[in-house]
Every structure is written in C-alpha cells, then in structure tokens.
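A short worksheet on the structure shown next.
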Amino acid sequence: MISRRQILRLIPLTGCAAATTLLADPLLTNLQIANAHPGSQLKINPGADNVFSPLDRFRITSAEAGRLILRDGDQKIYLDSPLQQGLDVAIGGALGTHSATLLSPSGQVLETTTFFVDCSTHIEDEGGIFGSLLKDLYWTMVSEGPVGAMRHKGEVFTFFDSWLMDNTQTLKGMKYYWPELKSNVDFYAASQREDGMIWENVEARTPPETDWDRRFRYADFARSTDGGYLELRRAPVEAHVEQFFLESIYYTWKATGDTRWMADKLNAAMKAVHYVISDPYRWSEKYQLIKRGYTIDTWDFLSDSEAKLVDGDIMKIDLKTTHFGVFFGDNANMIVGLHRLVEMLKSVRRENDTDQYLKLAAGMEKRLNDLAWNGEFFTHWIPEDRTLKFDFGVDINRQVSLSNAYSLNRGISREQSVGIIKTYQRIRREMPPTSPGEFYAIYPPFERGFAGENGKWEYMNGGVMSCTAGELAHGAFENGFEQYGVDILRREKAIADRYRGIVPAILRGAAPQPPVRILTPVDIRSIANADFGAGKAGVPGWTNEGENNLAAMPTGHQVFRDIPFDIIVPSTNGLRACIAISSAPGFARKLSLPIHAKARSFYLLHTKGGEDLAGKLTIRFEDGSSHFEYIRAGVNIGHWWAPKDSEFDNRYGSLTADRMQVAWRGGNPKFDNVSVYVVGFENPSPAKAIAALDFESVDTDAHWMILGVTLSDAPVFLPPHNDLSTGMPNNWGAAALVYALIGGLAGVKDTGTAFDSATIAPRWTAANVDGSSVTVRYPASRGYVRYDYTYDRANRRVAITFTGSANRTEIAMLLPTGSSVNKAFLDGRPTAVKAYEVEGSHYASILNDQRGPHTLELLLH
C-alpha cells in the first residue's frame, strides 16, 4: 500500500491541495500486484513503492510469457510489446496511475499491476548554472508570501499580489509551481464595474472615508464594499488594467486546461474591451488608440508638471486639464490581448464574436505602428497635442522604455523585434560603466520632472529591472539572438549570487558618484575622557564593563566608508581615547568640542550602549544661534553590539541614501561582533561658522561613545553597500526570468492547454551546455513536458528523449553553429526533418503525434 507521505513527496510544496484528489483515486488504494492468473508474477524492478517520474526506466519481468501493454494516466496505450522473461521500459505519457497488463496469446488478461507517475518543475544542466538560477527564481517568488488572501461577499479569494497587474506578471512564473491560479481572476471578474472597467487592486480598509475615497471617487475610481471593510480602487491614470485582465484569463486557462472556467469569463473579458475603446478616460478619438496621461511607461504616476494640473495628485487625470497621449505599451498589450480573446472564443465555438476583435486588433496595430514605431523601437509617448513640450532635460523621442522588451513577446513583427533587440545591445555599449545591465525602466533617464523615489537612475527613472531582463531574454531566444539571451540569464544569475539567491526587482541604473569634497578630521584629544579598554583610576573604561570593551579598535589615521578619521592611540593621551557621554557615574554628562570653522556637513564616528535614546547633539554657531538633534538608535546611531545597517539587505533598497553605516567590526572576549558607526549630519546653516559641537546626555542608562569627528565642505555622502533600488515587488521580475529560462533557453512552450500540445525547442548549444534534464509541470493540472538533451561533440550527434501530456509535440532543435543535419532518427527509425533559419540561427524540427517516451537523434555534418 502506498502511503500518504510517499504521495506528498511526489508533489511540489505548492501542490498539497492536489494530494487529496490523488489519494481519492480508487486505483491508488492498493498498488500491490493484482493477480488474475496465479502463475505469472509480473514484477517491476526497481519499484519498491511503484512510484516513478516520467522517463524513469525500470525492468518488468514475468515468469510467464505474453504481451505487455502499458497505459498512462489517461489510460492511453504507450507501449504494446511482446514480453518473454523481461523488458526494459521507459515511462511516458499522462501523469497519474499507469497500468501494466500482461495478456496471453489468446488475449486473456493474465495479470495487471499499477504504478504512479508524477513530477515537478526543475532543470538540471551540465555545470548547474541554469538549474541553480531556476531555484533562485522560485525562492524569490515564494519567499514574499507566497500568497495572500481576502474575503469578499462571504467567499475567500487568494492571490500572489492584490494588484491585478502584479498578480498577472507573477503568474508567468508561479504557474509552474502553484496549484491555485483562478482565484484572483475570479475576484476581478466578479467585482467588475457596471460599465466593464476592471479594478486595479483591492485592500482592507475601515468604514470611515479613506484617502483613496477622497482622491478617486470623483469619477467612481474608488469604492468600498463588504460593509466598508474592503476597498476597490483604480488609479485613474492607469490604462493597462483590462489588458492584464485578458492576459490573466488566458494564461490561467492555459495552465489549468479548464475551458469551462475560461468560457465563464469571456463575457467579462469582452465587456472590459468595450470599456477601454469607449470610455473618454481611456480612448483617444484622435488616434483611435488607448490614451493616458504622461507617465513613465506603464506606471501609475504622472510627471510633476502634469500632476499640477490635477490638484498635485500624480495618479489622477482630468478630461479638461490633463494632456493625453498614446503610450505604445498599453496598445501593444491590448492588441495581443485581442488575439488571445479570439483564440479563447474560438475554442468554445463562439466564432460569431471574433470578427469585431480581429478587425479592432488589425486597425490598432496599423495605427500604432504608423504613430509610434520609429524604425528602431517604439517611441514612448505621443501627445494628442503635437505642440506640447516638456522640460525633462532629455529627448523624450529617443528614450527607450521597458515595454519595448515586453513588445518582443506580444506578437510584433520579426523586423521590429530585431530592431528592439539591437537597440538594447546598443544601450549596453553606451550605458554607464557602473550599470548592472541595459534592462532599464527607461533610458536615458529624465534629468528632472519626476520627484520623490524617481531620482535619476532610481526606480522607474533609469532603474535596471529584472522584468525587462526576462522579457528581453525571452525575445532574444525567439528571434535568433540565442547567445544574447544566454548572456542575460548568466548576468542575472551573477546578480542572484550577489544577493544570496534573491533576484532583486530593481537595481540602481548607475552608481552614485561621491561629491568633490575636502574632508578634515577634528582633533578630539582635548575633551576625550574614556578608554577603549578597561580604563584606569580617573579614566572610565569602555562603558565600564571590564573586558567587554573595544580594545581591538584600530587607531591612528583610519578611513571608514571613505571618510577619514584620526583615532587616538590611548597610550598617547593617558588612555583618554574617546568622548564618553552618559548620566552614569564616572562619565561626563556634557562636553563641548571647539570647531571654529565652516562646514557643509560633518561625520561622527560613534556608537552607543544601553537605551535607544543616547543623547542630544547641538551645533552652536559663532553668531550665537544653534541647532540640535537627538541621538537615537536606528536614526543616527546604532548599538555597538551586533551592529545593523544596509550592508546585508538583499531584497529592497531605500528611498533615501544611507546616512549611517557600520564603519568597523571587531571582537572582544565576550562577543565577536562589536562595532562603531560612521554617521553623516547635514549643517542646516552652512554659511555660518560653527563655534562648537555640544554632546549632552539624557537621563537614561545610555552610553554615547564618540571616537572621531570629521568636517566636510560637501553634502553628506556615504558609498552605498549595494546597488538595490526600490519601488516594486521582486516576485514578478523573477517570474519574467522563469518565463525566459523555461520558454526560451529550455524551450518548452504550451501550444495548447495544459500541455496537450507542446513545442520543445532546446537552445542549450547557445549556452555551451552539452547535457540537460528538463521537467516543466503545471500543478494546476496534470500538464507537463519532460526531456533529456545531450550533445556528443566528438561524434557530432545531438539527441533528445522526450515525453509529456501532449498529443502533439513539435521538436525544434537549435543546431550547433556551422552544422547541418546529415541523418535523423526517431526512435531508431529514419525520419525527415524540416530545416529553417531565424536570423542566422539554424533549427531542425519534426512533429510527433504519439504519446509515450521518444528519442530524436540527429547526426550532423
């Protein structure tokens, strides 16, 4: 009897819901040999549990000769062969309970035994780089949830992200790991506004008015539901939501294979399309295309100048005051969405509804190309008022925004795809040397016009995005730039390695440059009053805790985080090496350090022990005025034990530059992780000369220890520990890279639903990988593809053994550079192959319409 634990081991962590269904299968209640004829003793070896994966091999034996028939999980025959004493068998076909039946020469059933077949998504490749990258991407997607939930009108809905676009983007990768994909779509279909608009996101709220209500109710872009405890909202400026709704239905249908579910969503999908092409907030009567206010690509905030026209709200639009224009990404996404809608309608025999969408898609495509295609890439945004001018400090007609990379996978022409890919290759040649990649949100960035988190080279204003990298890599694989696609994936793997297996969504587009500055250390000897070590009579030790001290502190001229400090050698100043401020006995409650100089900023090398509030710092100016700041843990100081700063962050960057960093780490007999910090302080009145810095204690048990002071004639600047930017979740950037890795390099594509038809186009030769094992599985269905690939360089032989749930599989093998097919064999029999070329890359393909395991072997010239 197979155990529940054994079944669960076969199912991905995300597939536990499916385990209950599998265990309910009556064929699984007893997997022991069922003897119809007592003498045969049909046996599987190895197979202690009779549990296998596709392409696993076993030997099946019988004491009695006969005819062996193997049926897959759909009970389709994939092997029919004589059996004398034993036969080596490879497993293939549909997942689930397989059966082995032995028949007598007269057709009598002598014996039947069953075994279970399942698999999960994974890649094993020679060298391990890409299989490891896939694990990193999965970790990135699931480590931030992986799911959330809400309750609406008594029903529970789950999601990867409560924002429809984010959830849809994450679906691109998570569909290979997670069993529940429909719920988010169900919610947005059920909550659709009466005119067809789709809400953008949902969040918890309380019944009193929210800020979203205040900002967005003017055109019914915000509503409360569920007694006021749930908020439905749509940033008015967003013009992409309906397109992602179409995409989410389409890819959920593909992964689940649930056509009945999909058919139930088609009326909502059509209603959403008609909203977009009829609503005055969405449709440009001038261009007959989708319009929006001026945003960076598909994001939800206006430029500063446009926000001023709508009460300063960066997410609002107004039909009278907003300057509208056409953003190409909204339209390219709708065009491919219309084609997907037509495919779905045809699959449920609603052909009478398709003509209007085919005509709309064709018209939009022509108008968009005429308006936005410049011969190299799509121009970011074209105003309805062609006299409109923006003061952004950049030629907006030459900016390349991230939806160009997405357009590669939205059905544009080969010529356009090649132009976009070459544009990104050009950007790579000219980008700043400190950039982590050419995968920009927009390039070149705006010099001005977008405030807050969108400083130059940050977030959407020139940040480098993993989603752009994934879409670009996938497009490169599909358009004959396979080695470029491999190069992108290798670089993203290097990024993942830098961030301990996390692939950040956004990296800074260029490293910030330190200001030209003069840094002047200040001599603190005159007021130093404590030792780094145990101290002596009249000189307190470091926080007066005996050998728990900072005696290992480097002294003399030191540079920490690019800031120079003069650290007192204790023996040269009577063991008075630092300034110690505390209300505790033996320490100074207040000390004043003379400065008598101007400074734009200054840096303290300091730390604290005890309570969070450590003291009060006052800048006294020569004119008698002053400015003070409290010294508080986590703000401008840290504890000297177990220090923390941004050094080991590996997920999200900060909206502000560091002003506090660990300067040095060391140890003592009590603890091996003690430290001091370098912290920057801006002078609010840099034109005034500073008379002194006053250090004052507060009535807590804190010890404030100051080891150095350095003046600067420039603003505070500390070099960042990493190149993290911020602004979006990591999960859907990682999903785009899963899309590139599985669909591009591994080459597995679902050309039906639930992999009932598939293409396998392995491109491992572009990566110089001679051996790989690939499994791609939809846990939301039983759909899967499994193959083993080998390239025998010495004998000029390429082979792939494959199986899956598909009734029809196309194999399209990328051939090694400079080679062509001499002979081809399918399952050992000569076969014809079709040769074709994509931008100089040579492929050989066949079609196979038989279930079970098969091997295609190519002998090369």
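The values are calculated or read from the model by the stated rules, or taken from the named source; none is laboratory data. Predicted model only: the values in this text are computed from it and were never measured. Every residue, glycine as well, gets a Cβ built from its backbone with ideal geometry; the counts of neighbours run over all protein chains shown.
Which one is modelled with the lowest pLDDT among residues in the stretch 436-459 that are under 15 Å from the mean Cα position of the chain (by Cα) and in a loop (DSSP other than H, G, I, E, B)?
That would be 459.
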- Item | residue 754 vs. criteria closer than 21 Å to residue 253 by Cβ and of a type in the set (A, V, I, L, M, F, W, C) | yes
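Select, from 83, 95, 110, 133, the only residue that is in contact with a helix residue (DSSP H, G or I) (Cβ under 6 Å, 6 or more places away or on another chain) and buried (at least 19 other Cβ atoms within 10 Å of the Cβ).
133
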- Selection from the stretch 405-417 of residues that are in contact (Cβ under 8 Å) with a residue 60 or more places away in the chain and assigned to a helix (DSSP H, G or I): 405, 406, 407, 414, 417
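Listed here are the residues, each with its yes/no results for (1) part of a helix (DSSP H, G or I); (2) within 25 Å of residue 473 (Cβ to Cβ); (3) at pLDDT below 95.
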| residue | (1), (2), (3) |
| --- | --- |
| 331 | yes, yes, no |
| 357 | yes, no, no |
| 363 | yes, no, no |
| 368 | yes, yes, no |
| 376 | no, yes, no |
| 387 | no, no, no |
| 392 | no, no, no |
- Item | Verdict on residue 469 being at pLDDT 95 or above, within 20 Å of residue 375 (Cβ to Cβ) and crowded, with 24+ Cβ neighbours inside 10 Å | no
- Have a look at 297, 353, 311, 370 and point out the one that is of a type in the set (Asp, Glu) and under 30 Å from the mean Cα position of the chain (by Cα). 297
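Output the residue which, of all residues in the stretch 559-601 that are of a type in the set (S, T, N, Q) and either assigned to a loop (DSSP other than H, G, I, E, B) or touching a residue at least 60 places away in the same chain (Cβ under 8 Å) (or both), is surrounded by the fewest Cβ atoms within 10 Å (Cβ to Cβ).
Checking each candidate, the answer is 592.
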- Filtering the stretch 244-278 down to residues that are small (Gly, Ala, Ser) and assigned to a helix (DSSP H, G or I), which residue is surrounded by the fewest Cβ atoms within 10 Å (Cβ to Cβ)? 263
- Somewhere in the stretch 606-615, is a residue over 30 Å from residue 500 (Cα atoms), among the aliphatic types (A, V, I, L, M) and not in a strand (DSSP E or B)? no
- Note on the structure: Requiring at least 3 residues that are more than 25 Å from residue 270 (Cα to Cα), the helices (runs of 4 or more DSSP H) wholly within the stretch 111-215 are 129-142
- Residue check: is residue 657 in contact with a Pro (Cβ under 8 Å, 6 or more places away or on another chain), part of a strand (DSSP E or B) and either surrounded by fewer than 19 Cβ atoms within 10 Å (Cβ to Cβ) or among the charged types (D, E, K, R) (or both)? no
- Could you check residue 708 against (1) in a loop (DSSP other than H, G, I, E, B); (2) crowded, with 18+ Cβ neighbours inside 10 Å and say which number it fails? (1)
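Residue by residue, here is whether (1) farther than 26 Å from residue 802 by Cβ; (2) assigned by TED's automatic domain parsing to the domain that holds residue 774; (3) at pLDDT below 95; (4) charged (D, E, K, R) holds:
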position: 32; (1), (2), (3), (4): yes, no, yes, no
position: 36; (1), (2), (3), (4): yes, no, yes, no
position: 47; (1), (2), (3), (4): no, no, yes, no
position: 51; (1), (2), (3), (4): no, no, yes, no
position: 56; (1), (2), (3), (4): no, no, no, yes
position: 73; (1), (2), (3), (4): no, no, no, no
position: 107; (1), (2), (3), (4): yes, no, yes, no
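If I go through the stretch 197-217 residue by residue, how many of them are exposed (fewer than 15 other Cβ atoms within 10 Å of the Cβ) and without any contact (Cβ under 8 Å) to a residue 40 or more places away in the chain?
Total meeting the criteria: 6.
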- Of the residues in the stretch 732-761, those that are of a type outside the set (Val, Ile, Thr), modelled with pLDDT of 95 or more and farther than 21 Å from residue 772 by Cα number 8
- Task: Working carefully through the options 438, 458, find the one that is buried (at least 24 other Cβ atoms within 10 Å of the Cβ) and touching a helix residue (DSSP H, G or I) at 6+ places or on another chain (Cβ under 7 Å).
- Result: 438
- Task: Filter the stretch 754-788 down to the residues that are in contact with a helix residue (DSSP H, G or I) (Cβ under 6 Å, 6 or more places away or on another chain) and not in a loop (DSSP other than H, G, I, E, B), then identify the one that is surrounded by the most Cβ atoms within 10 Å (Cβ to Cβ).
- Result: 776
- Under 9 Å between Cβ atoms, at least 6 apart or on separate chains: pull out the pairs that start in the stretch 515-535 with a residue that is on the phi > 0 side of the Ramachandran plot and touching a residue at least 40 places away in the same chain (Cβ under 8 Å) and end on any residue that is hydrophobic (A, V, I, L, M, F, W, C) and assigned to a loop (DSSP other than H, G, I, E, B). 535/575
- Query: If residue 63 passes every condition in (1) outside any strand (DSSP E or B); (2) outside the structural domain of residue 182 (by TED's automatic domain parsing); (3) crowded, with 18+ Cβ neighbours inside 10 Å but one, which one does it miss?
  - Reply: (3)
- Item | Considering residues of the stretch 530-558 that are assigned to a strand (DSSP E or B) and surrounded by fewer than 17 Cβ atoms within 10 Å (Cβ to Cβ) only, the residue modelled with the lowest pLDDT | 536
- Test: residue 149 is over 29 Å from the mean Cα position of the chain (by Cα), surrounded by fewer than 21 Cβ atoms within 10 Å (Cβ to Cβ) and not β-branched (Val, Ile, Thr): no
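Residue-by-condition table, conditions (1) under 29 Å from residue 218 (Cα atoms); (2) of a type in the set (Val, Ile, Thr); (3) buried (at least 18 other Cβ atoms within 10 Å of the Cβ):
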{"site": "294", "(1), (2), (3)": "yes, no, yes"}
{"site": "303", "(1), (2), (3)": "yes, no, yes"}
{"site": "325", "(1), (2), (3)": "yes, no, yes"}
{"site": "331", "(1), (2), (3)": "yes, no, yes"}
{"site": "346", "(1), (2), (3)": "no, no, no"}
{"site": "351", "(1), (2), (3)": "no, no, no"}
{"site": "356", "(1), (2), (3)": "no, no, no"}
{"site": "362", "(1), (2), (3)": "no, no, no"}
{"site": "373", "(1), (2), (3)": "no, no, yes"}
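Would you pick out the residues in the stretch 499-524 that are hydrophobic (A, V, I, L, M, F, W, C), under 16 Å from residue 657 (Cα atoms) and surrounded by 18 or more Cβ atoms within 10 Å (Cβ to Cβ)?
The answer is 506, 507, 510.
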- Count of the stretch 661-696 residues which are in contact with an Asp or Glu (Cβ under 6 Å, 6 or more places away or on another chain) and hydrophobic (A, V, I, L, M, F, W, C): 3
